[in-house]
Structure formats: structure tokens, C-alpha cells
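The values are calculated or read from the model by the stated rules, or taken from the named source; none is laboratory data. Please read these numbers as outputs of a predicted model, since none were measured by experiment. Quick reminder, even Gly has a Cβ in these numbers, built from the backbone with ideal geometry, and neighbours come from all protein chains shown.
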Amino acid sequence: MIPALFLHIQKTAGTSVLAKASELYGRTNCCMHGDYLSCAPEQLDPLMMVSGHFGFDYAERFMPGRYSFTFLRDPVERLLSYYSYCRGATRDEYEIHTLAHDNDAETFFRAGETARSKFASHMWNHQACQLASGWGASLVGKADIEPSELPPEEILDRAKVNLARFDYVGLVEDFEADNAAIFAALGDTSTDVFRINAAPARITREELPSSTLELLTTLTHIDQQLYDWVVRRQRASSISARRDETAALAEPKCGCFTPSQA
């Protein structure tokens, strides 16, 4: 197994990834979720797996010498999963959990409606913001950047540039295949797939009024552009790979042989 860096965006099947990583590397060799907040970066250097809900500016420090990856998710589906998760979590553990317990979906999402909203960092184009800069920057000597401090087009451009630096970008919608490819690259030969921490009885789009759906579209307009860009790149890469395979099959095979075969 080789060392890894996993930028874990909330509600993108990361807990499932880390369950397998913990089994393969050992829990004491893994930094997960919010562990990084209580450790100096130097303390994480010896670990085999560095992961957490940090942004790219924090993750960048650990990328050299590690296989780096992240997962994205359909932006609206991620927010719906996040709301359901917060409603199922301990009510008073975090303020955002209390917000979810006490309010319907639309009221909850209104609290992160704009880049300047109180809970913007959890909701407003969360995936693009984490990849453009994100949480934890000041812990590695960089400036923390709030969502409202960058123009939308710069958030998108930064996120694209930074995503291109990862060894692998997976999609929750293709989780089994992408997770298997990532762990194969890390040196794992098993076929086990973990799926845990899914939100129970998750709210769906079909249950929501049009006003909530319109709000979700507004909340995720940069995330949606980023997600669509990744999907297009992966589709183009897949088509190119299939063309290469077809071309290789069509090439005439060499008829050479060694003297021992004559």
C-alpha cells in the first residue's frame, strides 16, 4: 500500500472510503474527518492516509509523494443528503444540526442561500469552494478565504485547476467502479466495497415544492458547472480509451518468432 491524500467533501461517500482505508492501513495510520484540526501538519506527515473535511489549500501541502484523490457528487443530491444527515445526527452537537432538526428543508437551505449567509461554507457551492481554497488554509500558513471573497468565476476556475492536480477524481454516482480503481492504484487487491453512513430515509427532489428546487439550483450553480465539467472530461477520457483499445485490436500482429520456436 502506498501513502494517500483524500480530500473528503461532506456527503460524497467519504466515510465508506475511509472505512476501507482504516482496515487496510490501520486506524492509527489514518487521519480522518476532523482529526486534522487537533494536529500540527508535521504530525500527519508519517501517516499513510491523510484525509479530512479540509479544502485544497490545506490538502496541497500533503500531495507530494502521495496518491491524491477526491469524490464529487451531483450538487443537489449532496445537499439533500446533507440535510437528511443533519436531521439524523445528534441535535445539539453542532448548530447546523439544530437548524435541520427545527426546520423544513427550504428554511434550512435559506440559511446558506448566498455566499455571505451564516452557513454558506456548508451549503453555498460547497464542493467548488472546498476545491478552490476551503477549510484549513490557515493551519498550513495560508490565508483563509470565505466563499464571499472570490468572484464566482474565479471559484470555478480555481476549482478546475486544482482538480486537475489530483491523481483521481471519482463520482459518487460511479462509486463502486471509482472506489475500486482508487484502491487498486493504492495497492489493494481485494474486491471489498464499503457503503456506510448513508442518510436514513433521505428526502428526495420529488417531495420538494418548486420554490425549494429553485433555491437548490441557485445554491449550487457553480457546483453544477464544476460537476458537469468533470462528467464531460470523464466521458471524453472513456471514449478516447475505447478508441485506443479498438485501434490496438485492429493493428496487425507481428509474426516474429524466436529460434527456439522455429
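For residues that are β-branched (Val, Ile, Thr) and assigned to a helix (DSSP H, G or I), scanning just segment 167-184, find the one that is surrounded by the most Cβ atoms within 10 Å (Cβ to Cβ). Lay out the reasoning, then the answer.
In the first step, residues of segment 167-184 are kept if they are β-branched (Val, Ile, Thr); the result is 169, 172, 182.
Subset that is assigned to a helix (DSSP H, G or I): 172, 182.
On the way: Val172: 20, Ile182: 23.
The extreme case among them is Ile182.
Within this structure, Leu24 passes the test of being touching a Phe, Trp or Tyr at 6+ places or on another chain (Cβ under 8 Å), assigned to a helix (DSSP H, G or I) and among the hydrophobic types (A, V, I, L, M, F, W, C).
Can you tell me which residues in segment 217-250 are of a type in the set (A, V, I, L, M, F, W, C), at pLDDT 85 or above and more than 19 Å from the chain's Cα centre (by Cα)? Explain how you work it out, then say what you get.
Within segment 217-250, the subset of a type in the set (A, V, I, L, M, F, W, C) is 219, 222, 226, 229-231, 236, 239, 241, 247-250.
Those still in the list that are at pLDDT 85 or above too: 219, 222, 226, 229-231, 236.
Listed by number, the list holds a single entry, Ala236.
Only residues that are aromatic (Phe, Trp, Tyr) and either over 30 Å from Trp229 (Cβ atoms) or without any contact (Cβ under 8 Å) to a residue 60 or more places away in the chain (or both): list them for segment 55-72, please.
At the first step, the residues of segment 55-72 found to be aromatic (Phe, Trp, Tyr) are 56, 58, 62, 67, 69, 71.
Selection gives Phe62 alone.
Residues in segment 145-166 that are part of a loop (DSSP other than H, G, I, E, B) and either touching a helix residue (DSSP H, G or I) at 6+ places or on another chain (Cβ under 7 Å) or free of Cβ contacts under 8 Å to residues at least 24 places away in the same chain (or both): Ile145, Leu150, Pro151, Ala164.
Let's see how each residue does on (1) out of contact with any Leu (no Cβ under 6 Å at 6 or more places or on another chain); (2) at pLDDT 95 or above:
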| residue | (1), (2) |
| --- | --- |
| His8 | yes, yes |
| Thr15 | yes, no |
| Glu23 | yes, no |
| Ala40 | yes, yes |
| Val50 | no, yes |
| His53 | yes, yes |
| Ala59 | no, yes |
| Met63 | no, yes |
| Glu77 | yes, yes |
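Return the residue satisfying two criteria in turn: it lies in segment 73-92 and is of a type in the set (A, V, I, L, M, F, W, C) and assigned to a helix (DSSP H, G or I), and of such residues it is farthest from Tyr227 (Cα to Cα). Give the steps one after another, and end with the answer.
Step one: list which residues in segment 73-92 are of a type in the set (A, V, I, L, M, F, W, C), which gives 76, 79-80, 86, 89.
In the following step, the residues that additionally are assigned to a helix (DSSP H, G or I) were identified as 76, 79-80, 86.
Details: Val76: 11, Leu79: 14, Leu80: 16, Cys86: 23 Å.
Per the stated criteria, the residue is Cys86.
Test Ala137 against the criterion of being in contact with a Gly (Cβ under 6 Å, 6 or more places away or on another chain), closer than 23 Å to Ile222 by Cα and among the small types (Gly, Ala, Ser), and give yes or no. In short, no. Scanning segment 27-45 for residues that are surrounded by fewer than 19 Cβ atoms within 10 Å (Cβ to Cβ) and either of a type in the set (Phe, Trp, Tyr) or part of a loop (DSSP other than H, G, I, E, B) (or both) gives His33, Gly34, Cys39, Ala40, Asp45.
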